[in-house]
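Only one structure is covered here, and it is reproduced in the block below.
Values in this text are rule-based calculations from the coordinates and carry no lab data. Owing to the predicted nature of the structure, the values given are computational and were not obtained by experimental measurement. With ideal geometry, Cβ positions are generated from the backbone for all residues, glycine too; neighbour counts draw on all protein chains shown.
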Amino acid sequence: MAQFFAMGGYARFVWPAYGVAVIVLAGLLAHSLIGYRRAQRALDVEERR
Amino acid sequence: MSGFAALLTRDLRLAFRQGGDVANVVAFFALAVILFPFGVGPDPDLLARIAAGVLWVTALLAALLSLERLFDADYQDGSLEALSLMPVPLEIQVLAKCAAHWLTTGLPLTIIAPLLALVLHFNAAGYPALIAALLLGTPVLSLIGAIGAALTLGARRAGVLLSLLVLPLYIPVLIFGVAASEAAALGLHSRPHLLLLAALLAASLALAPWAAAAALRQALE
Amino acid sequence: MQRFANPARFMRLSAVLLPWCATAAAVLIAIGFYGALFIAPPDYQQGEAVKIMYVHVPSAWLASLVYAVMAVASAVALIWRHPLAHIAAESAAPIGACFTFVCLASGSLWGEPMWGTWWVWDARLTSVLVLFFLYLGFIALANAFDDRTRGSRAAAILAIVGVVNLPIIKFSVDWWNTLHQKASVFRMGGPTIAISMLWPLLVIAAGFLFLFAVLLMLRMRTALLRAKLRALRFGT
């Protein structure tokens, strides 16, 4: 386990690389979903008027 | 051809009547370059090493200064619309504007650059290549800049946006211009870099007027 | 082409496609990352640092692919005045910018242990950085005008002008002596990379492709909903 996390000594490069990818792409997905839900809700409110 | 010449003389006459522009560009260029010895210290070796880069970057920024106004005045007072209805193709008109811009920006910069290179202890062997590179590169700056100027006509904060759009596209010119100047200063071959600059010039002469004209047309819609 | 011009049709189509693409993306990315981290062998020269490749290379591929999609959509928008095309291009731009950022960041993290430097101004890195700025410029330009249509059209022109950067990115490692290594997958004569390393790479790339589809459809649906909202509020 410890060997896996150490990544042959390159841990401080490998894990931030995967971290950046996950954070940026998940963040973009979250941003897109939130924007979508917000637009949906606003449209529902407007259509009910 | 006569349409091109007529437009060119019109723009040059306007530029000289306003007077300020050429002087502004040259003054900015000179002052910005002179700041560097104060900033990095007067060590001749250090200055000689960064001379090519400093000259090119400041020339680039100086050329950028007057780009915003390339089409703006004509756009604001309606003459751009009138010009677009002329029988002269819009692409030719863009070329005329770029030529006028280069004559009032790139050319004066190229003339002043050797004097400023002296101040930076630029190696004398590099002068011919420096001048050749600037002669080839500064028109490209005007041409690519015209695309940016046309795209940002009437935009909010057009000046900042113009820089954001145009500076990344300037990077190849900067790279090869500095490479040519530095190579010659170090006694190496500058021809490959100069040939690449010439290729960039040929490509932008062919493509930039078309792209800028397309941008102008949709600005006038 | 005209059959897809109808926004309502796009909404129906994307409603069907979204769950499938989302599932495909999740499954492929999960399998790909698992394969990359636990199954794929270390490189005989780079050791475990090669694991960064599984993040860096697929995001690089997507960075260029998304730009190509954006440029094609822009061309369609300008030439055929297809109503959805501008929306497609503007929805794609932030996605492409994110993939490019991941490519640059992971590349930098890979460069430090392998080349001894976080950054180098060679042709490949510089042209990808220019790509990043093109994405930012596109987004800025599209939002810079009070008349949104004007912004969309100006940005579309910029997208098409910037296409010259794509062949430069692809062939930069061949045309110049660069620090960045040459192509080992998309090259004449087929891939030179071992299959044990190639399969997680391709799986993650496929996953990223489906992720792009999901994000694009989501953002386009959002844009269409907002347009409908504006029409209702201001009575177009």
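The residues on offer are C:ILE169, C:ILE160, and the sole one that is facing chain B (nearest Cβ under 8 Å) and within 16 Å of C:LEU65 (Cα to Cα) is C:ILE160. Considering region C:34-54, the residues that are crowded, with 16+ Cβ neighbours inside 10 Å and of a type in the set (A, V, I, L, M) include one that is farthest from the other protein chains (Cβ to nearest Cβ), namely C:ALA40.
Picking from C:LEU17, C:LEU37, which residue would you name as being in a helix (DSSP H, G or I), out of contact with any Leu (no Cβ under 7 Å at 6 or more places or on another chain) and closer than 24 Å to A:LEU33 by Cα? Quick ask: steps written out before the conclusion?
On the way: C:LEU37 fails: closer than 24 Å to A:LEU33 by Cα.
Exactly one of C:LEU17, C:LEU37 is in a helix (DSSP H, G or I), out of contact with any Leu (no Cβ under 7 Å at 6 or more places or on another chain) and closer than 24 Å to A:LEU33 by Cα, namely C:LEU17.
Count of region C:172-201 residues, restricted to those that are away from chain B (no Cβ under 14 Å) and in a helix (DSSP H, G or I), is 9.
Identify the residue in region B:152-168 that is more than 8 Å from chain C (Cβ to nearest Cβ) and among the hydrophobic types (A, V, I, L, M, F, W, C) and, among all such residues, is farthest from the chain's Cα centre (by Cα). Steps first, please.
We begin by selecting, within region B:152-168, every residue more than 8 Å from chain C (Cβ to nearest Cβ); these are B:153, B:159-160, B:162-163, B:166.
From what's left, among the hydrophobic types (A, V, I, L, M, F, W, C): B:153, B:160, B:162, B:166.
Numbers: B:LEU153: 18, B:VAL160: 17, B:LEU162: 13, B:VAL166: 11 Å.
The residue in question is B:LEU153.
Only a single criterion out of (1) in contact with a Gly (Cβ under 8 Å, 6 or more places away or on another chain); (2) outside any loop (DSSP other than H, G, I, E, B); (3) exposed (fewer than 13 other Cβ atoms within 10 Å of the Cβ) is not satisfied by B:TYR75, namely (3).
In region C:37-63, the residues that are more than 25 Å from C:LEU209 (Cβ to Cβ) reach residues that are in a loop (DSSP other than H, G, I, E, B) and among the aromatic types (Phe, Trp, Tyr) with C-beta atoms within less than 7 angstrom, at least six apart or across chains, in these pairs: C:GLY47/A:TYR10; C:GLU48/A:TYR10; C:ALA49/A:TYR10. Right, A:GLY9: at positive phi and either basic (Lys, Arg) or facing chain C (nearest Cβ under 9 Å) (or both) or not? It is true that A:GLY9 is at positive phi and either basic (Lys, Arg) or facing chain C (nearest Cβ under 9 Å) (or both). Take B:ALA211 and tell me if it is more than 20 Å from B:LEU103 (Cα to Cα) and crowded, with 17+ Cβ neighbours inside 10 Å. Considered against the rule, which asks whether it is more than 20 Å from B:LEU103 (Cα to Cα) and crowded, with 17+ Cβ neighbours inside 10 Å, B:ALA211 comes out as yes.
Taking B:PRO108, is it closer than 21 Å to B:VAL22 by Cβ and either in contact with a helix residue (DSSP H, G or I) (Cβ under 8 Å, 6 or more places away or on another chain) or of a type in the set (Phe, Trp, Tyr) (or both)? Yes. Taking every residue in region C:216-227 that is more than 7 Å from every other protein chain (Cβ to nearest Cβ) and pairing it with any residue that is buried (at least 21 other Cβ atoms within 10 Å of the Cβ) and hydrophobic (A, V, I, L, M, F, W, C), at least 6 positions away or on another chain, the pairs with Cβ-Cβ distances below 6 Å are C:LEU216/C:ALA92; C:MET220/C:ILE87; C:ALA223/C:ILE87.
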